[in-house]
Amino acid sequence: MTETEINFDGIIGPSHNYAGLSLGNIASATNAGESSFPRAAALQGIAKMRHNIDLGLAQGFFMPQPRPDHGWLQSLGTTMAEAQPHIQAAAFSASSMWAANAATVSPAADTQDGKCHLTVANLVTMPHRSHEWGFTLKQLQMAFGDTDKFAVHGPVPPPFGDEGAANHMRLCEQHDAPGVEIFVYGTSGGPFPARQHLEASKAVARRHGLSSDNMLLIQQSEQAIAAGAFHNDVVAVANEHVLLVHEQAFAEPLAAYNAIREKCPWVEIVEVPASSVSLADAISSYLFNAQLVTLPDGGGMALILPTEAQDNANVWNWLQAMTAGNGPIRKLLPVNVRQSMANGGGPACLRLRVVADPASIDQRFMANHDILDRLEALVTRYWPEQIAPADISKPETIAQCEMAHEKLLDLLELTGLTEN
Ligand code: SUG
């Protein structure tokens, strides 16, 4: 089997809820205090994985984290019963579902030692996400444990915020060929924090063995962050030789495009003009938070979009006009991930891309219809149907979420993840 792109989706955990924890993420703020539907959320995530498999794409998954995170609470000198509500919510969040923030990945074809390098993201900017990396690292070390093929790195040290693949794009002529990696960092975002620090991006590139020949640092526009683009993957997406990008994504777009063209003469940049799709439309519809994928057997490229993109007339008209032309993106495939979207996570947020030989991965992390059938049955049986804000601190909600998590690790023979 050759190296191929594998999408690892975060299984949506049983504690999925809307706590309004992410400053600068408009959906998270707008839906704060709403009731969530964890069972429906997880089933939507599973349906998206099935959709990818049916397209002929390689699919894997990552486990949700044990929540509440008792170890984190203990390190703060408190417990779930005693903590203040904002700490309870931060300990209980299912935010690890957004696997695009799990790590940054440099495929073997790009690195000096010929291994695929992964650096777990420290996620230090948001308290509820700052305690994800330990469990994520364990999981990456297990899934990519073949040390002849993979190098898994710990987090970049604070205070340099690193949010992983959500601020990283790779351009290449085909997935298994050497590529150019683009690290997008922020400096300020008006009223909102810039979550990806320049020093973190540089550190990841150095650790992965990239050189100035095959990497670029590009600054995100302050305007985009201020409008709610808390990650670059809300305003740009790349796949192989194609970059689909909003006109206002980068601080200096023309200089950025020139730098990209210089390193990637074969690149096709599809810029979405603000006059057709405003930043506000881009952010509410998450048109760029699509999985831009290469369909097998010469089928061209498809955008796997949230259904919200179809609901927005400006966005949908622009997309339809684009696919009617003779550009590289041939198909629009909307998927329903509304429960995740209401917390600011679209189809692309829910997955981490790894270019590797699927046979080199621990098979417990690889998906197929049979395992997804079993997963679906387990979620239907054990995931809470609904979580209202007041439920977060209730012992019965906590017990149900913990049992559901245990049953999942049992089913996938991954209980080792919670052992010390
Ligand atoms: O980090 N939302 C996530 C969404 C992450 C989306 N990922 C990418 N763009 N790649 C975040 O802001 C909201 C949780 C809450 O408010 O309950 C949250 O964490």
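Assorted remarks:
- Filter result for Thr397 (crowded, with 18+ Cβ neighbours inside 10 Å, assigned to a helix (DSSP H, G or I) and either out of contact with any Phe, Trp or Tyr (no Cβ under 8 Å at 6 or more places or on another chain) or free of Cβ contacts under 8 Å to residues at least 60 places away in the same chain (or both)): yes
- Trp133 being within 16 Å of the ligand (Cβ to nearest atom), without any contact (Cβ under 8 Å) to a residue 24 or more places away in the chain and either under 18 Å from Gly13 (Cα atoms) or touching a helix residue (DSSP H, G or I) at 6+ places or on another chain (Cβ under 6 Å) (or both): yes
- Figure legend. Inter-residue proximity from segment 18-38: first residues part of a strand (DSSP E or B) and modelled with pLDDT of 95 or more, second residues among the β-branched types (Val, Ile, Thr) and open to solvent by less than 10 Å² (accessible area, probe 1.4 Å), beta-carbon distance below 7 Å, spacing 6+ or different chains. Indicated pairs: Ser36/Ile387.
- Leading residue by the ranking (surrounded by the most Cβ atoms within 10 Å (Cβ to Cβ)) among those in segment 218-235 that are away from the ligand (no atom under 15 Å from the Cβ) and over 19 Å from Ala100 (Cβ atoms): Ser221
- Of the strands (runs of 3 or more DSSP E) lying entirely inside segment 264-383, those containing at least 2 residues that are surrounded by 14 or more Cβ atoms within 10 Å (Cβ to Cβ) and touching a Phe, Trp or Tyr at 6+ places or on another chain (Cβ under 7 Å) are 268-272, 351-356.
- Unique residue being without any contact (Cβ under 8 Å) to a residue 60 or more places away in the chain, open to solvent by less than 50 Å² (accessible area, probe 1.4 Å) and not polar (S, T, N, Q) when the list is Ala255, Ala238, Ala259, Ala200: Ala259
- Long-range neighbours under 9 Å by Cβ, at least six apart or interchain, first residue among the hydroxyl-bearing types (Ser, Thr, Tyr) within segment 203-216, second open to solvent by 20 Å² or more (accessible area, probe 1.4 Å): Ser211/Gln112
- Selection of segment 70-108 for residues being open to solvent by less than 20 Å² (accessible area, probe 1.4 Å) and free of Cβ contacts under 8 Å to residues at least 24 places away in the same chain yields Leu73, Ala83.
- Number of residues in segment 310-328 that are closer than 17 Å to Val293 by Cα and among the hydrophobic types (A, V, I, L, M, F, W, C): the value is 2.
- The sole residue among Leu333, Leu350 that is within 16 Å of the ligand (Cβ to nearest atom) and closer than 20 Å to Ala42 by Cα is Leu350.
- Yes/no for Ala42 being open to solvent by less than 40 Å² (accessible area, probe 1.4 Å), within 13 Å of the ligand (Cβ to nearest atom) and either under 17 Å from the mean Cα position of the chain (by Cα) or aliphatic (A, V, I, L, M) (or both): no
- Checked against the criterion of being more than 21 Å from Asn343 (Cβ to Cβ) and at pLDDT 95 or above, the candidates Pro85, Pro107, Pro66, Pro127 yield just one match: Pro107.
- The single condition among (1) closer than 23 Å to Gly228 by Cα; (2) open to solvent by 10 Å² or more (accessible area, probe 1.4 Å) that Arg67 does not meet is (1).
- Thr111 being in contact with a Gly (Cβ under 6 Å, 6 or more places away or on another chain), in contact (Cβ under 8 Å) with a residue 12 or more places away in the chain, over 21 Å from Asp391 (Cβ atoms) and within 16 Å of the ligand (Cβ to nearest atom): no
Each row is one residue, and each column tells you yes or no for (1) without any contact (Cβ under 8 Å) to a residue 12 or more places away in the chain; (2) of a type in the set (Val, Ile, Thr); (3) farther than 24 Å from Asn101 by Cβ; (4) touching an Asp or Glu at 6+ places or on another chain (Cβ under 7 Å).
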{"position": "Phe250", "(1), (2), (3), (4)": "no, no, no, no"}
{"position": "Ala274", "(1), (2), (3), (4)": "no, no, yes, yes"}
{"position": "Leu292", "(1), (2), (3), (4)": "no, no, no, no"}
{"position": "Arg351", "(1), (2), (3), (4)": "no, no, no, yes"}
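The values are calculated or read from the model by the stated rules, or taken from the named source; none is laboratory data. None of these values were measured; they are calculated from a predicted model. For neighbour counting, all protein chains shown are included, and Cβ atoms are generated from backbone atoms with ideal geometry for every residue, glycine included. The area values use the complete protein model at the heavy-atom level, side chains included, leaving out ligands, DNA and RNA. Shrake-Rupley method; radii C 1.70, N 1.55, O 1.52, S 1.80 Å.
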